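*Asks:* Got a structure for you, questions after.
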Amino acid sequence: MLTASVLILATLAGYALLCAVKPFGPCRKCRGSGIREVRKGFKMCRRCHGQCYRLRVGRRLLNTSREIHRTGSR
Ligand SMILES: [Zn+2]
């Protein structure tokens, strides 16, 4: 049980570090290519707008919590 908790905490810490160091990850919809294959050919990826990268979920959480804190502590 202790090992499992440590493992989960280590994973969370690693993900938090990853979000701090590299806030952008490759887009999952287009796998970092920026274009999507559709029936008629290729289209620009709508999820990342052709930029190949998206903001990580953890980083978005951090940004949102910062925004809430900034708005509330004025
Ligand atoms: Zn994309």
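*Asks:* Look through the stretch 1-28, keep the residues that are open to solvent by 100 Å² or more (accessible area, probe 1.4 Å) and assigned to a loop (DSSP other than H, G, I, E, B), and return whichever of them is farthest from the ligand (Cβ to nearest atom). If you could, list the steps in order and put the result at the bottom.
*Replies:* From the stretch 1-28, those open to solvent by 100 Å² or more (accessible area, probe 1.4 Å) are 1-3, 7-9, 12, 17, 21-22, 24, 28; that's our starting set.
From what is left, the residues that are assigned to a loop (DSSP other than H, G, I, E, B) are 1, 22, 28.
Details: M1: 40, K22: 17, R28: 8 Å.
Going through the qualifying residues, I end up with M1.
*Asks:* Taking Q51 and the conditions (1) near the ligand (Cβ under 8 Å from one of its atoms); (2) open to solvent by less than 90 Å² (accessible area, probe 1.4 Å); (3) polar (S, T, N, Q), which numbered condition does it fall short on, given that it satisfies the others?
*Replies:* (2)
*Asks:* So, in the stretch 54-74, exactly how many residues are of a type in the set (K, R), in contact (Cβ under 8 Å) with a residue 12 or more places away in the chain, open to solvent by 40 Å² or more (accessible area, probe 1.4 Å) and not in a helix (DSSP H, G or I)?
*Replies:* 1
*Asks:* Within the bounds of the stretch 34-44, is there any residue that is exposed (fewer than 10 other Cβ atoms within 10 Å of the Cβ) and part of a loop (DSSP other than H, G, I, E, B)? Please lay out each step first, then the result.
*Replies:* Kept after step one, since they are exposed (fewer than 10 other Cβ atoms within 10 Å of the Cβ), are these residues of the stretch 34-44: 38-41.
If we keep only those that are part of a loop (DSSP other than H, G, I, E, B) too, we end up with 39-40.
Checked against the condition, which is being exposed (fewer than 10 other Cβ atoms within 10 Å of the Cβ) and part of a loop (DSSP other than H, G, I, E, B), the stretch 34-44 yields at least one hit.
*Asks:* Residue pairs, Cβ under 6 Å, 6 or more apart or interchain, first in the stretch 7-35 and touching a residue at least 24 places away in the same chain (Cβ under 8 Å), second of a type outside the set (S, T, Y) and in a helix (DSSP H, G or I). List them.
*Replies:* Filtered contacts from the stretch 7-35: Y15/G58; C19/G58; C19/R59; P23/R59.
The values are calculated or read from the model by the stated rules, or taken from the named source; none is laboratory data. Remember, it's a predicted structure, so these values are computed and weren't measured experimentally. Here the Cβ is made from the backbone with ideal geometry for all residues, glycine too, and neighbour counts use every protein chain on show. The accessibility values were calculated without ligands, DNA or RNA, using every heavy atom of the protein model including side chains. Shrake-Rupley method; radii C 1.70, N 1.55, O 1.52, S 1.80 Å.
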